[in-house]
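Notes follow once the structure below has been shown.
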Amino acid sequence: MTLFHPANRSLSPEHERLWAAYEIAYTLVDFLAAGLFIVGSILFLSPDTTQTGTLLFILGSVFFGLKPTLRLTREVRLVALGNVNEVAKRLDG
């Protein structure tokens, strides 16, 4: 089983559950990052809130950095689960 292979997500029900959980987390991080950037942009319109806007931009950047981290973590965990069907065949044979 290789990293980032599309078939990895459907090797077993456990693979599918793990894939779905990470997709939800990925989407949530995406929305949070976008929201932080939008609010940060609005705060840049006033000199009084520029510092807060900068902080939100930094937090948004951290969230965008979490996205590839989530993807890689998901893939490593999927590979760690292994191919359940292959293991079952070996045990039966």
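The values are calculated or read from the model by the stated rules, or taken from the named source; none is laboratory data. Quantities reported herein were computed from a predicted structural model and do not represent experimental measurements. Neighbour counts run over all protein chains shown; Cβ positions are idealised from the backbone, glycine included.
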inquiry  = If Leu3 meets every condition in (1) in contact (Cβ under 8 Å) with a residue 24 or more places away in the chain; (2) surrounded by 13 or more Cβ atoms within 10 Å (Cβ to Cβ) apart from one, which number is that one?
reply    = (2)
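Condition check: at pLDDT 95 or above and either assigned to a helix (DSSP H, G or I) or not basic (Lys, Arg) (or both). Does Ala34 satisfy that? Can you show your working first?
Values: at pLDDT 95 or above: yes; either assigned to a helix (DSSP H, G or I) or not basic (Lys, Arg) (or both): yes.
Yes; evaluated as a whole, the condition is true for this residue.
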